[in-house]
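A.B. asks: Before anything else, here's the structure in question.
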Amino acid sequence: MNSFLKISFLFAFVIFSSCNSTAQKKEDYTAKIDSLIKVANPKFNGAILISKNGKTLYKKIHGVTDLTTKKPLQQDSQFEIMSNGKLITAVLVLLEVEQGKIDVNAPIKKYLPQLTQPWADSVKVHQLLNHSHGIIALDKPLLFKPGSDYKYGNLNFSLLGKIVEGTSGKSYSDLANALFRKLKMKNTNVYVKGQFPNLVTGYSIENNVYKPVTNSMINPENLGAVGILSTVDDLAIWNNNLHKGKIIKPETYQLLLRYTILSQHNFFGKEKEGYGYGIRIIEKEAVKYIGHTGLGDGFSSVNIYFPESDVSLIVMENIMPDNPDLFYATEFKIKNILLKSTLLQKM
């Protein structure tokens, strides 16, 4: 073999080895997640989906719909996503904003004239959307001056659900379900008790004892806060549409992410980060991302999106620990696996 051929062969070998090594690194997160699921404590029972550029790269459906029947989870098994539904409500509000039916800087009394509380004239729609309203109960005074602080809750998003009902002339369920059908989210619905056979059973864990949650916290009054059922595939569709300008206009989308208040949540770190309209904006981690969590009725869910790499991570479980230190335990570890992977490289 002459010198030229030797050099050419060596160069090709180096290039091949480099590409192969890079491919292995890019796939490394899948093996790590697979290993994590096997040893997770509390055990993992649910669904995981990771997508990039709208294409599913990793999906794992692991566990059962019911611990008694042991029926395996299916791709169309529905989970209560709890507070991850708040972003959906925020988008429904912003769709009304685009039609000129809602002004986010208007007092909520304008859209809920039945409210007789003095604070109805001072709390703005904007403050309901980012939990800076100060409302702790309908029959109590405000906890703080609207816009001056942050207090997470469900009542404000229940009120937002009522506001869009008033401005659209449709029920919250009809409005949200119509959007889901438009987006072809075929396994996403607003909760109605007893209507969805694919809804899995939620479980609480206390002292390693798994108990089915028989009484749902969802009711007709709080659908805007916690009333959505979905799957990881459907939330991937949601992300791919919302973050690509296919639901609301780009300028409206920026309104969704523009924050005036900070809050702290353990899943997103020890520092206070921005809270927009039903979504958190995380800027202090190694990679910037946006997203939310949901917890209740024996369910937990995480939906986060990394804009710079167009990657979504969606996790749903139907087992929820009673110990707050264990909330989102597996989801937190999966997030950290991704943060250290090459998957999140800029597009």
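A.B. asks: Looking at the stretch 202-216, I want the residues that are within 16 Å of Phe44 (Cα to Cα) and have a partner that is among the polar types (S, T, N, Q) and in a strand (DSSP E or B) with Cβ atoms under 7 Å, at least 6 apart or on another chain. Which pairs are those?
C.D. replies: Correct list of pairs: Lys211/Ser204.
A.B. asks: With respect to Val97, determine if the residue is touching a residue at least 24 places away in the same chain (Cβ under 8 Å), over 19 Å from Asn222 (Cα atoms) and assigned to a helix (DSSP H, G or I).
C.D. replies: On the way: touching a residue at least 24 places away in the same chain (Cβ under 8 Å): yes; over 19 Å from Asn222 (Cα atoms): yes; assigned to a helix (DSSP H, G or I): yes.
Here the answer is yes, as Val97 does meet what is asked.
A.B. asks: Give the number of residues within the stretch 120-163 that are hydrophobic (A, V, I, L, M, F, W, C), in contact with a Lys or Arg (Cβ under 8 Å, 6 or more places away or on another chain) and in contact (Cβ under 8 Å) with a residue 40 or more places away in the chain.
C.D. replies: 1
A.B. asks: If Tyr152 meets every condition in (1) closer than 14 Å to Gly276 by Cα; (2) crowded, with 16+ Cβ neighbours inside 10 Å; (3) under 21 Å from the mean Cα position of the chain (by Cα) apart from one, which number is that one?
C.D. replies: (2)
A.B. asks: I'd like the full set of residues that are in contact with a helix residue (DSSP H, G or I) (Cβ under 7 Å, 6 or more places away or on another chain), assigned to a loop (DSSP other than H, G, I, E, B) and surrounded by 17 or more Cβ atoms within 10 Å (Cβ to Cβ), limited to the stretch 223-263.
C.D. replies: If the condition is that a residue be in contact with a helix residue (DSSP H, G or I) (Cβ under 7 Å, 6 or more places away or on another chain), assigned to a loop (DSSP other than H, G, I, E, B) and surrounded by 17 or more Cβ atoms within 10 Å (Cβ to Cβ), then Gly227, Ile247, Ile248 are the ones that fit.
Condition check ((1) of a type outside the set (Ser, Thr, Tyr); (2) touching a Ser or Thr at 6+ places or on another chain (Cβ under 9 Å); (3) buried (at least 19 other Cβ atoms within 10 Å of the Cβ); (4) without any contact (Cβ under 8 Å) to a residue 24 or more places away in the chain) across all residues:
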| position | (1), (2), (3), (4) |
| --- | --- |
| Arg280 | yes, yes, yes, yes |
| Ile319 | yes, yes, yes, no |
| Glu331 | yes, yes, yes, no |
| Leu343 | yes, yes, yes, no |
| Lys346 | yes, yes, no, no |
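A.B. asks: Another one. Could you grab me the full set of residues in the stretch 217-226 that are in contact (Cβ under 8 Å) with a residue 12 or more places away in the chain and either over 23 Å from Lys170 (Cβ atoms) or out of contact with any strand residue (DSSP E or B) (no Cβ under 9 Å at 6 or more places or on another chain) (or both)?
C.D. replies: Of the residues in the stretch 217-226, the ones in contact (Cβ under 8 Å) with a residue 12 or more places away in the chain are 217-218, 221-226.
If the condition is that a residue be in contact (Cβ under 8 Å) with a residue 12 or more places away in the chain and either over 23 Å from Lys170 (Cβ atoms) or out of contact with any strand residue (DSSP E or B) (no Cβ under 9 Å at 6 or more places or on another chain) (or both), then Met217, Glu221, Asn222, Gly224, Ala225 are the ones that fit.
A.B. asks: Hey, could you check the stretch 38-55 for residues that are in contact with a strand residue (DSSP E or B) (Cβ under 6 Å, 6 or more places away or on another chain) and within 19 Å of Ser312 (Cα to Cα) and say which is surrounded by the fewest Cβ atoms within 10 Å (Cβ to Cβ)?
C.D. replies: Lys52
A.B. asks: For the stretch 188-211, which residues satisfy the criterion of being in a loop (DSSP other than H, G, I, E, B), surrounded by 19 or more Cβ atoms within 10 Å (Cβ to Cβ) and polar (S, T, N, Q)?
C.D. replies: If the condition is that a residue be in a loop (DSSP other than H, G, I, E, B), surrounded by 19 or more Cβ atoms within 10 Å (Cβ to Cβ) and polar (S, T, N, Q), then Thr188, Thr201 are the ones that fit.
A short reminder: the numbers here are calculations on the coordinates, not readings from a lab. If you're wondering where the values come from, they're calculated on a predicted model, not measured in any experiment. Methodologically, a virtual Cβ is constructed for each residue, glycine included, from the backbone with ideal geometry; neighbour enumeration extends over all protein chains shown.
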